[in-house]
Every structure is written in structure tokens, then in C-alpha cells.
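Encoded as C-alpha cells, the structure appears first; notes follow it.
The values are calculated or read from the model by the stated rules, or taken from the named source; none is laboratory data. A quick note: this is a predicted structure, and the numbers were derived from the prediction, not measured. FYI the Cβ positions are ideal-geometry reconstructions off the backbone, even for glycines, and counts take in every protein chain you see.
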């Protein structure tokens, strides 16, 4: 398995992962904080799709890991958006 492939067995995560990675790349490549914040807002929405998963099972390690990663990404997006307010 390639390092960039997900090891989380979750259909919702698998669908969102590439979109989230692309948004993260866009944030990292954007030069203006306003542009970064725009991508971060989209990242929040995409992470929210994972967090709103109807198949979430708190007994599943995959589900807990999926939510943990989505929460981290959402918090990171929040920091980028807050930086826009400071600029």
C-alpha cells in the first residue's frame, strides 16, 4: 500500500480524502491569507461531511480514527480562518 493511500476502512472517508488532500494542497500553495481562508472554509465543509457520517459507530476503530482525523483537519481550518481575521 502506498503511503498516500488511506488505511481507514470507511467509504465516506475514502470519498472525501482526495478532496480534502486537494484543499490542503491549495491552502499550502496559496500566498494570500484571504485565499488560504477560502480554501479552509471549503475544508471545514468537507471535514463536516465525515463528521456527519450516518454510519458512524463509536465501537469501530476505523470510525474513531476517521473522526479524529476529520476533527484535526477542521481545527486546522479554523486556525487558518482566524489568521485571516488577524490580517
Verdict on residue 52 being at pLDDT 95 or above, farther than 30 Å from residue 87 by Cα and surrounded by fewer than 17 Cβ atoms within 10 Å (Cβ to Cβ) | yes
Residues of the range 44-87 satisfying the condition of being closer than 16 Å to residue 19 by Cβ and part of a loop (DSSP other than H, G, I, E, B) = 52, 53
Is it true that some residue in the range 24-43 is at pLDDT 95 or above, surrounded by 13 or more Cβ atoms within 10 Å (Cβ to Cβ), in contact with a helix residue (DSSP H, G or I) (Cβ under 7 Å, 6 or more places away or on another chain) and outside any helix (DSSP H, G or I)?
-> yes
So which residues in the range 5-23 are touching a residue at least 24 places away in the same chain (Cβ under 8 Å) and part of a loop (DSSP other than H, G, I, E, B), if there are any at all?
-> 8, 9, 10
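Scan the range 56-80 for residues that are closer than 21 Å to residue 31 by Cβ and surrounded by fewer than 18 Cβ atoms within 10 Å (Cβ to Cβ) and jot them down. Spell out the reasoning first.
Residues of the range 56-80 closer than 21 Å to residue 31 by Cβ: 76-80.
Scanning the range 56-80 gives 76, 78, 79.
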May I ask you to list pairs of residues, at least six apart or on different chains, whose Cβ atoms are under 7 Å apart, with the first in the range 65-87 being in contact (Cβ under 8 Å) with a residue 40 or more places away in the chain and the second being surrounded by fewer than 13 Cβ atoms within 10 Å (Cβ to Cβ) and in a helix (DSSP H, G or I)?
-> 84/34
